[in-house]
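These notes are about the structure you will find just below.
The values are calculated or read from the model by the stated rules, or taken from the named source; none is laboratory data. Note that the structure is a prediction, hence the values are computed from the model and not measured. Virtual Cβ from ideal backbone geometry, glycine too; neighbours counted across all protein chains shown. Calculation scope for accessible area: heavy atoms of the full protein, side chains included, ligands and nucleic acids excluded. Shrake-Rupley method; radii C 1.70, N 1.55, O 1.52, S 1.80 Å.
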Amino acid sequence: MSGPTLIRNGRVITATDDYIADVLMQDGVIHAIGRDMAVGEDVKVIDARGLYVLPGGVDTHVHMENVVGPSITCDTFASGTKAAAFGGTTTVVDFALQTAQDSVLGAIARAQRSAERQVSIDYSLHCIVTRVDKQVLADVRHAMRHEGVTSFKMFMAYPGVMMADDAAIFQMLRQVGADGGMVALHAENGTVIDLLIKEALEAGHTSPRYHALTRPALMEGEATHRGIRLAELAEAPIYFVHVSSNEALKHIVTARDEGIPVFAETCPHYLLFDDSVYDNDSFETAKYVMTPPLRTRDDQKHLWRALRYDDLQVIATDHCPFCMKENHLGYQLQKQRGKDDFSQIPNGAPGIETRLVSLFDIGVMQGQLSLNRFVQLTSTTPAKLFGLFPKKGTIAVGSDADVVIFDPNATQTIHAHELHSHCDYTLLEGRTLRGKVEKVFLRGELIVDGPTWLGREGMGRFVPRGEVRAF
Ligand code: DUC
Ligand code: ZN
Ligand code: ZN
């Protein structure tokens with residue numbers, strides 16, 4: 001553990017506060033916050049005048065080394081967490097996948113074994129549950145009580161691969177909700193979408209744009225509505241991942257107005273880009289093959305409104321990187337897999353390193369979000385909803401000293417080759433953004449200092465999570 005460090009005269013911004021202060025980090029936690037603090041010679045002092053002091057980002061939707069169909073995401077836990085750190089994120093929640101061979105507990109243990117030698121920031125896991133029976137429910141309860149895994153993702157899409165039926169989702173909601181955890185739902189009507197895909201291919205439509213055309217917003221809305229009704233019956237909270245459309249959002253808004261504990265995230269790509277990128281038959285469009293696909297500008301307007309008025313509570317990346325070039329760093333079965341058949345393009349895009357800076361630019365600088373709301377959406381509320389708060393998600397005495405020093409006046413131009421992900425492209429290539437992560441501390445230890453990497457593989461820790469704090 002590194003010695004004590006004082007960040008002097010920075011502008012401390014949390015979900016609720018905004019003030020100039022000195023922040024003393026010691027023994028891995030925030031030890032004291034004050035003004036004109038006198039410290040001994042053993043304390044390293046960093047001058048943060050003119051800079052923001054933010055809680056480390058918490059990204060509760062990332063995929064490292066995740067198997068997605070026959071493909072595997074191209075970031076390892078090592079590359080993905082390093083990229084996260086450079087982007088100002090100090091905690092990620094990744095996924096363990098229950099498979100036909102693997103139990104829930106086996107999946108969690110396997111993901112932990114792979115992560116623990118590699119992670120350079122703190123992490124936790126959601127478990128993806130694809131089938132439910134008595135043993136699975138017993139394992140889920142055990143995972144919540146003894147393994148610190150308190151959230152479970154289920155899919156209403158991808159029949160025959162990941163999709164769980166409504167009864168399975170209902171059973172999980174009922175038990176996990178009663179035990180104080182959260183079910184996170186991928187809401188799309190999988191069987192109708194599969195039919196649309198089959199019909200498109202039969203008609204000879206093979207280019208990436210048909211990925212978007214076969215996943216209509218209406219089917220995201222339908223599944224969202226169904227998920228809400230299941231949660232209502234189960235008397236459980238529910239969390240919708242990657243909300244992209246007003247068709248989904250309007251059900252969420254109505255349910256929240258009715259007092260149903262419904263929570264939801266969107267992702268930076270739905271705010272940065274719209275479906276006009278699909279207006280061509282080029283294979284380059286495979287970069288934008290993520291699920292759900294990008295929506296209209298009108299949908300974007302609704303997402304911003306929901307972010308401002310708390311109908312959406314989280315912005316997570318859904319960092320799910322696949323290379324455009326085959327064999328980049330030895331990765332195979334990446335985007336090129338779908339060259340002649342859009343349905344074979346692995347679904348996902350990178351974004352872990354650019355989340356904070358892109359949202360600072362398009363959200364805060366363009367007047368869509370206040371600074372406090374920016375912190376709340378990217379750090380505090382994800383920490384609360386997934387049982388990490390107040391250890392993570394804020395700057396307060398006793399919280400982990402996960403701190404980002406951010407320069408609001410710097411600008412940077414984004415290039416994939418300067419980022420730290422293994423992915424060979426970024427959706428933001430060539431874009432100039434305002435704001436820059438200058439320094440990042442993980443539990444008081446400086447891991448990013450400008451362009452310099454000071455972190456180490458394996459220094460991140462698994463964070464056992466507690467109950468959902470939804471209110
Ligand atoms: N859903 C995700 O959350 N990530 C990648 C692909 C998907 O369908
Ligand atoms: Zn999903
Ligand atoms: Zn995802």
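This table checks each residue for (1) surrounded by 17 or more Cβ atoms within 10 Å (Cβ to Cβ); (2) polar (S, T, N, Q); (3) out of contact with any helix residue (DSSP H, G or I) (no Cβ under 7 Å at 6 or more places or on another chain).
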site: 111; (1), (2), (3): yes, no, yes
site: 135; (1), (2), (3): no, yes, yes
site: 142; (1), (2), (3): no, no, no
site: 147; (1), (2), (3): yes, no, no
site: 151; (1), (2), (3): yes, yes, yes
site: 157; (1), (2), (3): yes, no, no
site: 160; (1), (2), (3): no, no, yes
site: 165; (1), (2), (3): no, no, yes
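Residue count for the stretch 319-336, restricted to those that are part of a helix (DSSP H, G or I) and under 15 Å from residue 290 (Cβ atoms): 1.
From the list 101, 118, the one residue that fits, being modelled with pLDDT under 95, assigned to a loop (DSSP other than H, G, I, E, B) and farther than 24 Å from residue 389 by Cβ, is 101.
Total residues in the stretch 201-214 satisfying the condition of being in a helix (DSSP H, G or I) and either free of Cβ contacts under 8 Å to residues at least 24 places away in the same chain or not assigned by TED's automatic domain parsing to the domain that holds residue 296 (or both): the figure is 1. Can you pull out the residues in the stretch 215-242 that are more than 16 Å from ligand 2 (Cβ to nearest atom) and touching a residue at least 60 places away in the same chain (Cβ under 8 Å)? Within the stretch 215-242, 230, 233, 234, 235, 236, 237 meet the criteria. Is it the case that residue 124 is under 28 Å from residue 392 (Cα atoms), among the hydroxyl-bearing types (Ser, Thr, Tyr) and open to solvent by less than 10 Å² (accessible area, probe 1.4 Å)? Judged against the criteria, residue 124 is a match. Looking at (1) open to solvent by less than 10 Å² (accessible area, probe 1.4 Å); (2) of a type outside the set (Ser, Thr, Tyr); (3) under 18 Å from residue 453 (Cβ atoms), which one does residue 117 not meet, given that it meets all the others? For residue 117, the failing item is (1).
Remark: residue 187 matches the filter, which requires a residue to be of a type outside the set (Ser, Thr, Tyr), within 16 Å of ligand 2 (Cβ to nearest atom) and in contact with a strand residue (DSSP E or B) (Cβ under 8 Å, 6 or more places away or on another chain).
Checking the structure you have, find out if any residue of the stretch 146-154 is at pLDDT 95 or above, away from ligand 3 (no atom under 16 Å from the Cβ) and basic (Lys, Arg).
no
For residue 74, the conditions (1) within 22 Å of residue 26 (Cβ to Cβ); (2) assigned to a loop (DSSP other than H, G, I, E, B) are fulfilled apart from (1). Confirm whether residue 63 is in contact with a Cys (Cβ under 7 Å, 6 or more places away or on another chain), open to solvent by 10 Å² or more (accessible area, probe 1.4 Å), within 30 Å of residue 165 (Cβ to Cβ) and not hydroxyl-bearing (Ser, Thr, Tyr). It is true that residue 63 is in contact with a Cys (Cβ under 7 Å, 6 or more places away or on another chain), open to solvent by 10 Å² or more (accessible area, probe 1.4 Å), within 30 Å of residue 165 (Cβ to Cβ) and not hydroxyl-bearing (Ser, Thr, Tyr).
Each row is one residue, and each column tells you yes or no for (1) touching a strand residue (DSSP E or B) at 6+ places or on another chain (Cβ under 8 Å); (2) of a type in the set (S, T, N, Q); (3) within 16 Å of ligand 2 (Cβ to nearest atom); (4) under 30 Å from residue 203 (Cα atoms).
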{"position": "266", "(1), (2), (3), (4)": "yes, yes, yes, no"}
{"position": "297", "(1), (2), (3), (4)": "no, no, no, yes"}
{"position": "304", "(1), (2), (3), (4)": "no, no, no, no"}
{"position": "309", "(1), (2), (3), (4)": "no, no, no, no"}
{"position": "318", "(1), (2), (3), (4)": "yes, no, yes, no"}
{"position": "337", "(1), (2), (3), (4)": "yes, no, no, yes"}
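Inspection of the stretch 388-397 identifies no residue that is open to solvent by 10 Å² or more (accessible area, probe 1.4 Å), more than 23 Å from residue 7 (Cα to Cα) and within 18 Å of the chain's Cα centre (by Cα). Residue 260 falls short on exactly one of the conditions (1) more than 16 Å from ligand 3 (Cβ to nearest atom); (2) in contact (Cβ under 8 Å) with a residue 40 or more places away in the chain; (3) outside any helix (DSSP H, G or I), and that condition is (2). When residue 72 is tested against the conditions (1) open to solvent by 40 Å² or more (accessible area, probe 1.4 Å); (2) in contact (Cβ under 8 Å) with a residue 40 or more places away in the chain; (3) hydrophobic (A, V, I, L, M, F, W, C); (4) within 22 Å of residue 378 (Cα to Cα), the lone failure is (4).
Annotation note: of 218, 185, 196, 233, the sole residue that is of a type in the set (A, V, I, L, M, F, W, C), surrounded by fewer than 21 Cβ atoms within 10 Å (Cβ to Cβ) and within 16 Å of ligand 1 (Cβ to nearest atom) is 196. Taken together, the residues in the stretch 4-32 that are among the hydroxyl-bearing types (Ser, Thr, Tyr), more than 17 Å from residue 407 (Cα to Cα) and open to solvent by 30 Å² or more (accessible area, probe 1.4 Å) amount to 1.
Note on the stretch 273-298: residues that are more than 15 Å from ligand 1 (Cβ to nearest atom), in a helix (DSSP H, G or I) and open to solvent by 20 Å² or more (accessible area, probe 1.4 Å) total 7.
Would the stretch 419-430 turn up any residue that is out of contact with any Lys or Arg (no Cβ under 8 Å at 6 or more places or on another chain), open to solvent by 40 Å² or more (accessible area, probe 1.4 Å) and small (Gly, Ala, Ser)? Steps first, answer last, please.
We begin by selecting, within the stretch 419-430, every residue out of contact with any Lys or Arg (no Cβ under 8 Å at 6 or more places or on another chain); these are 419, 421-423, 426, 428-430.
Going one step further and asking which of them are open to solvent by 40 Å² or more (accessible area, probe 1.4 Å), we end up with 419, 422, 429-430.
Those left that are additionally small (Gly, Ala, Ser): 430.
For the stretch 419-430, residues out of contact with any Lys or Arg (no Cβ under 8 Å at 6 or more places or on another chain), open to solvent by 40 Å² or more (accessible area, probe 1.4 Å) and small (Gly, Ala, Ser): present.
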